[in-house]
Amino acid sequence: GLGFNIVGGTDQQYIANDSSIYVSWIKKDGAAYLDGRLQEGDKILAINGKDLKNLRHKDAVELFRNAGYFVSLKIQRRLQPQNGPVGHRGDGESGGLPLAAILVPGLALAATAVWILLRYRQRM
């Protein structure tokens, strides 16, 4: 799967008077977690160009299940934390770091090591 759960829909509104689809949980080490861009609480506006407005929850789930290997999501970032299950894990585990928070320092360190190695080899 895509590595996350959704809530919402016309029949299961997560927020009163809002039938939008929201990310409720991101599976650690799942596709969405490893990509690092999607966050719990994000509103998903469309998947692969298909608008998610006015869909029942089960119909939205089917769109995600049949999305294919390459998935494009149009999202709206959560501005304020919501009450309820969004962002709540229940097991005391933190949400983890975005992939960029690990890759950027790692790449900087690798580039520095290569630069030092090249400078050292030139002096020999």
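A Cα-only calculation for the stretch 4-76 places Rg and Dmax at 11.5, 33 Å. Computed extension length for LYS53-ASP35: 4.0 nm, one decimal, from 0.36 nm per residue of separation with the Cα-Cα distance subtracted.
Once backbone amide H atoms are built at 1.01 Å from N, PHE4 has LYS27 as its partners under 5 Å, excluding neighbours fewer than 5 places away on the same chain. For the stretch 23-39, 3J(HN,Hα) computed residue by residue from phi via the Karplus equation (6.51, -1.76, 1.60; θ = phi - 60°) reads 7, 9, 7, 10, 6, 4, 6, x, 4, 5, 5, 5, 5, x, 8, 7, 10 Hz, glycine and proline entered as x.
Once the 1.4 Å probe is applied to the protein heavy atoms, the stretch 4-76 comes out at 61 Å² accessible per residue. Segment THR10..GLN76, full-extension length gain: 21.9 nm, with 0.36 nm per residue of separation and the alpha-carbon distance subtracted. Taking amide H as placed 1.01 Å from N in the peptide plane, the amide H of LEU45 sits under 5 Å from that of LYS74, ILE75, GLN76, each at least 5 places away or on another chain.
The values are calculated or read from the model by the stated rules, or taken from the named source; none is laboratory data. What you see is a predicted model, and the numbers here were worked out from it, not measured in a lab. Accessible surface areas use protein heavy atoms only, side chains included; no ligands, DNA or RNA. Shrake-Rupley method; radii C 1.70, N 1.55, O 1.52, S 1.80 Å.
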